[in-house]
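The values are calculated or read from the model by the stated rules, or taken from the named source; none is laboratory data. Keep in mind that what you see is a predicted model, and the values were worked out from it rather than measured. Because the Cβ atoms are built from the backbone with ideal geometry, glycine has one as well, and the counts that use them run over all protein chains shown.
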Amino acid sequence: MYSRTTDDYELMSKAGIEVIVQPSFWLGSPRTSVGTFEDYWEHMISFETGRSKEFAIDHYVCLSVNPKESTVRPLALDALEAMSKYLDRERVVAIGEIGYNLINDLEDKLFQLQLNIAVEKEMLTMIHLPHVNKKDGIERTKSVLKNKNLLGLSNKILIDHNTEETIEKTLELGCWAGLTVYPITKLSPTRAIDIIEKNGVDKIMINSSADWGISDPLSVPLVAGEMKKRGFSENDIEKVTFYNAYEFFKQSPKFVWKP
Ligand SMILES: [Zn+2]
C-alpha cells in the first residue's frame, strides 16, 4: 500500500476487505542508507495502520530486507541489524518477503540470515519466488529449507508468487502457497483459478499485487467473483480468498483480528 493512494483504501473497503497484511517490498529505486529502511518500516507500522483504519480495514505487516535489496554490501547487512528493533512491534506478524530475485549467493546470504531470525523469534515467514526462472527459484528455496531443517516448520512458511511451474512443489513441501494476481502481466485471475481447479483449495491463498507496476489491490474480491461464475462452492471460494490466509497469519500471536 506504500505505493497506493488513499482512494485504493476506499475502494478496498467498499469491496468488503476488512483486514490486510502488507509485506516489505522494493521501494522502486535503490536505497542509499539504513535510514530509508527504518523510515519505511516505521511508516508501514504506524502510518499505514492508521490510514487503513480510516476505512475500517485492519492492517498488519511483514518486515524484511527485500530480496531485491539484499545484494548491496554493507548496506543490506547493516539494514538487517537495524531491523531487529522493529520486529517486536505490534502489527509485525511475519518476516517477509525474503528469498531469491536473481538467485545468487549474495541474496542467499540475506535469505538464510533472515530465516535464522524467524526461527530465533518463532515468527512466520513469507518467501518470495523470483518472477523469472521460477523453477530454479523453488529448487534453491527447497534446498535451503531442507538444509536448515525447516521443513518441520512448513506450516509457518508461506511461499508466494507461485505459478503452474511451482505450485506442486510448494504444496509438496507442506508450505502455504500464495498466488499473486496481476491484471495483465504475470499471473492473471484466469490462470490463478485454473491452478486452483487443478490443485484444490487446501493451503492455497490468493493475494493482490499492489506495487509500482500495473497492479490491482482488488484482485482478491475480483478472483472471488470469477470463481463464483465458474461454479466453485462458497466454501472453496472463502478458503482461497480468506480462510487459508487467516489460518496462516493467526499463528502469529500478534495477529489478533477475528472474523
Ligand atoms: Zn514478491
Please specify each residue of segment 232-254 satisfying the condition of being under 15 Å from the mean Cα position of the chain (by Cα), part of a loop (DSSP other than H, G, I, E, B) and either within 21 Å of SER219 (Cβ to Cβ) or free of Cβ contacts under 8 Å to residues at least 60 places away in the same chain (or both). LYS250
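Would you check which residues across segment 209-242 are polar (S, T, N, Q) and farther than 14 Å from THR190 by Cα and list them? Quick ask: steps written out before the conclusion?
In the first step, residues of segment 209-242 are kept if they are polar (S, T, N, Q); the result is 209, 215, 219, 233, 235, 241.
The answer is SER209, SER215, SER233, ASN235, THR241.
With respect to LEU102, determine if the residue is of a type in the set (A, V, I, L, M, F, W, C) and buried (at least 19 other Cβ atoms within 10 Å of the Cβ). Working first, answer last.
Details: of a type in the set (A, V, I, L, M, F, W, C): yes; buried (at least 19 other Cβ atoms within 10 Å of the Cβ): no.
So LEU102 fails the test.
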Selection within segment 136-185 - at negative phi, over 13 Å from the mean Cα position of the chain (by Cα) and among the small types (Gly, Ala, Ser): GLY137, SER143, GLY152, SER154
Those residues that are assigned to a helix (DSSP H, G or I) and under 26 Å from TYR243 (Cα atoms), I need them from segment 8-45; list them, please. ASP8, TYR9, GLU10, LEU11, MET12, SER13, LYS14, MET44, ILE45
Name the pairs whose Cβ atoms lie under 9 Å apart, with the first residue in segment 112-130 and over 20 Å from THR163 (Cβ atoms) and assigned to a helix (DSSP H, G or I), the second of a type in the set (Ser, Thr, Tyr) and away from the ligand (no atom under 16 Å from the Cβ), and 6 or more positions between them or separate chains? ILE117/SER84
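Name the residue that is farthest from the ligand (Cβ to nearest atom), counting only residues in segment 87-111 that are assigned to a helix (DSSP H, G or I) and among the acidic types (Asp, Glu). Explain how you work it out, then say what you get.
Step one: of segment 87-111, the residues assigned to a helix (DSSP H, G or I) are 87, 105-111.
Within this subset, residues satisfying the condition of being among the acidic types (Asp, Glu) are 105, 107-108.
Numbers: ASP105: 20, GLU107: 13, ASP108: 17 Å.
Restricting to residues being assigned to a helix (DSSP H, G or I) and among the acidic types (Asp, Glu), the top hit is ASP105.
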Hey, any hits in segment 65-78 for a residue that's farther than 19 Å from PHE111 by Cβ, exposed (fewer than 13 other Cβ atoms within 10 Å of the Cβ) and at pLDDT 95 or above? no
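For segment 52-86, give me each residue that is within 16 Å of the ligand (Cβ to nearest atom) and acidic (Asp, Glu). Give the steps one after another, and end with the answer.
Step one: filter segment 52-86 for residues within 16 Å of the ligand (Cβ to nearest atom), giving 61-71.
Result: GLU69, single match.
Looking at PHE47, PHE55, can you tell me which residue is without any contact (Cβ under 8 Å) to a residue 24 or more places away in the chain, under 24 Å from VAL220 (Cβ atoms) and surrounded by fewer than 22 Cβ atoms within 10 Å (Cβ to Cβ)? Before you say what the answer is, go through the steps one by one.
Numbers: PHE55 fails: without any contact (Cβ under 8 Å) to a residue 24 or more places away in the chain.
Only one candidate passes the filter, namely PHE47.
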